[in-house]
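Let me begin by presenting the structure, written as structure tokens, before commenting on it.
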Amino acid sequence: MNRPDRRHSQRNRSRQSAGEPRGTVPRRNATAPMVGGEVAVVSRRGAERLRGGHPWVFRSDVERVPELPAGVVRVEAANGAPLGWALWSPRSEISLRRMEANPERVIDEGWWYDTLRTAIARRAPLAAEANAYRLVHGEGDGLPSLVVDKYGDALVVQLLSAGVDVWTETIVRALRELTGCTGILARNDPAARDREGLPREVKLLFGDVPRTVEVLEHGVRYIAAPWDGQKTGAFLDQRENRVLIGGLARGKALDCFAYHGSFALHLAKRADHVCALDVSAPALARVHEHAERNGLTNIEPVEGDAFDVLRAWHKEGRTFDTIVVDPPAFAKTRGALDGALRGYKDINLQAMKLLAPGGLLFTASCSFHLSRGLFFEMLSEAVADSGRRFALRAFTGQPLDHPELINVPETGYLKGALLEAMG
């Protein structure tokens, strides 16, 4: 429901800079995008997709194209039935991303404020244990193609469609009010922006965002790099999985594809010794720095290709009591899935061979194209080839700040399994 008399929509922007309390939104800027009468008419298939709860409509299902260059448009079925409001991207294969099913709502600054406030409030429980987590997970929060990550007092945003990019100024103003952040950085460098006809860039949108930020995560400290680190600066999605295996770790531990050692740091809290294995020497230098930052002396950085190193260690008769296998996405496209499955099976098989009796293996995949079913099937085949018995202790997904919607599979990509060697 549109509420044009809300106090926050009447505030003057200058009052914010003079110290106006958080919880209000400045008056709409004269340059803010307006929502007019542009309509996109979708096919029967497109309408059924929206009514089923999926927000995307592909180009082939848009029967009447809006004249608006990019932004928000009303969506209707071919018979004129209203279907709400959507972000419009004229050059994208995903032409429409529905953001509001209620045709009576008006997409204005107040709408963005309300929707962002709801997403941010959902993450409130995380603040007790971490100072870095995701505030907005795109479609998972009803804010298609928008990502917002928190790193201490700074925010990193990604605006991944032409439709949402138009609303950058509005989004920045709302985030400033809702979070009291000291800076907002746009990590608009993913390849997805190419498909939208948008430039890839890293750009400061407000205040100051440092090159590095210390992340505190369940008692572990590590450095995130918002300007040039992986993703938006760190792998926030594995936070709860790190805590899970860290709390169970013991004996000799191995962190494969360690990168900056986020898993290794948690393992080292309980394990006697941790090998942090990665192919990148610069990444391992950061592992060493992180170990010192946490006062840990039982982490050994090891440089090498995980596939080759694990085979060599097996031939040497080495074993580990706790192993983590968290590789990069092997299947970045559907066409790469077959090769990726072979890679996932191989590295997990090698890890299973190295695991001591009674040992624990946590293994994960961040490849969207590798479904849960295929992931579990791959693990079953690796277990069969290992000639050993493994019990499934846990099957994990995404944490609270990365919501995966049941009827929108694209919101989910991370899956993990905790296995116990039974002999």
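The values are calculated or read from the model by the stated rules, or taken from the named source; none is laboratory data. Since the model is a prediction, treat every value here as computed from it, not as a measurement. Positions of Cβ are backbone-derived with ideal geometry, glycine not excepted, and every protein chain shown enters the neighbour counts. All accessible areas refer to the heavy atoms of the entire protein, side chains included, with ligands and DNA or RNA removed. Shrake-Rupley method; radii C 1.70, N 1.55, O 1.52, S 1.80 Å.
Of the residues making up the stretch 97-144, those that are of a type in the set (K, R), open to solvent by 30 Å² or more (accessible area, probe 1.4 Å) and not in a helix (DSSP H, G or I) are R98, R105. When E316 is tested against the conditions (1) touching a helix residue (DSSP H, G or I) at 6+ places or on another chain (Cβ under 8 Å); (2) open to solvent by 30 Å² or more (accessible area, probe 1.4 Å); (3) closer than 22 Å to G251 by Cβ, the lone failure is (1).
Scanning the stretch 377-384 turns up at least one residue that is closer than 15 Å to G416 by Cα, free of Cβ contacts under 8 Å to residues at least 24 places away in the same chain and open to solvent by 40 Å² or more (accessible area, probe 1.4 Å). Test M352 against the criterion of being farther than 17 Å from G251 by Cα and either outside any loop (DSSP other than H, G, I, E, B) or in contact with a Lys or Arg (Cβ under 8 Å, 6 or more places away or on another chain) (or both), and give yes or no. When the stated conditions are applied, M352 does not pass them. Yes or no: L284 outside any helix (DSSP H, G or I), farther than 25 Å from L400 by Cβ and either open to solvent by 20 Å² or more (accessible area, probe 1.4 Å) or not small (G, A, S) (or both)? In short, no.
Scanning the stretch 41-62 for residues that are in a loop (DSSP other than H, G, I, E, B) and under 13 Å from A78 (Cβ atoms) returns a single hit, S43.
Of the residues making up the stretch 299-349, those that are part of a strand (DSSP E or B) and either closer than 18 Å to M378 by Cα or aromatic (F, W, Y) (or both) number 4.
Of all residue pairs spaced 6 or more apart or on separate chains, those with beta-carbon atoms under 9 Å, a first member in the stretch 330-358 that is at negative phi and open to solvent by 70 Å² or more (accessible area, probe 1.4 Å) and a second member that is basic (K, R) and not in a helix (DSSP H, G or I) are K353/R388; P357/R388. A count restricted to the stretch 385-423 and to residues that are surrounded by 14 or more Cβ atoms within 10 Å (Cβ to Cβ), more than 24 Å from V147 (Cα to Cα) and basic (K, R) stands at 2.
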